[in-house]
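A quick write-up on the structure given underneath.
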């Protein structure tokens, strides 16, 4: 099998598994809605999309264009299906290529990165499964103990995810943070509308990055 045939096969299989994964993810809320006859209203769906989708759709597009050339075809498909790309899958692929002393984009790197990301995904799944099984008998106790802090769960998750991007180039976060803070405190106080300004903050950050790059303050 030639390299072109191998890559073509990866694309074919990868697209199939992405579609299957998306359908399985959508099937979970659909089954719950059918079984319990609890259908979400349009206002809740729009609110949920504005909170999550408007953030992660741009991030997903940007990550695909940025990370795919580094990880290769096979690793990119696996990483997008299993998630946690920036924190785990990309470092696993880059570390494996570095240890194997191969250049990203080469034929060797394609195989090594795919194996590294697949292994990372399997290990992560096993650890999560073992953790769930071990904690299942104590679920009621844990739920009762953690119930006072459930209101802070979503902000904590998004805050932890945000730190991953902030620490890379913290200079780029100052301007959008200040602008959005002023807008949210004094102008736009509706929490449903606020997530829609994420693309605006992204454009501000891009503009600041361009300015700082031209000045030679960042590389």
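The values are calculated or read from the model by the stated rules, or taken from the named source; none is laboratory data. All values reported here derive from a predicted model rather than from experimental measurement. Methodologically, a virtual Cβ is constructed for each residue, glycine included, from the backbone with ideal geometry; neighbour enumeration extends over all protein chains shown.
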- Item | Count - residues of the range 34-46 that are modelled with pLDDT of 90 or more and surrounded by 10 or more Cβ atoms within 10 Å (Cβ to Cβ) | 1
- Taking the range 126-171 on its own, how many of its residues are in a helix (DSSP H, G or I), closer than 26 Å to residue 98 by Cα and either touching a helix residue (DSSP H, G or I) at 6+ places or on another chain (Cβ under 6 Å) or in contact (Cβ under 8 Å) with a residue 12 or more places away in the chain (or both)? 3
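Is it the case that residue 211 is more than 30 Å from residue 3 (Cα to Cα), more than 25 Å from the chain's Cα centre (by Cα), at pLDDT below 80 and assigned to a helix (DSSP H, G or I)? Lay out the reasoning, then the answer.
Numbers: more than 30 Å from residue 3 (Cα to Cα): yes; more than 25 Å from the chain's Cα centre (by Cα): yes; at pLDDT below 80: no; assigned to a helix (DSSP H, G or I): yes.
The answer is no for residue 211.
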- Query: Which of (1) within 13 Å of the chain's Cα centre (by Cα); (2) surrounded by 12 or more Cβ atoms within 10 Å (Cβ to Cβ) does residue 62 not meet, given it meets every other one?
  - Reply: (2)
- Restricting attention to the range 66-81, report how many residues are surrounded by fewer than 21 Cβ atoms within 10 Å (Cβ to Cβ) and more than 15 Å from residue 13 (Cβ to Cβ). 5
- Query: Residue check: is residue 156 modelled with pLDDT of 75 or more, closer than 25 Å to residue 83 by Cβ and under 17 Å from the mean Cα position of the chain (by Cα)?
  - Reply: yes
- Which condition number does residue 189 fail, the rest of (1) at pLDDT below 75; (2) in contact with a helix residue (DSSP H, G or I) (Cβ under 8 Å, 6 or more places away or on another chain) being met? (2)
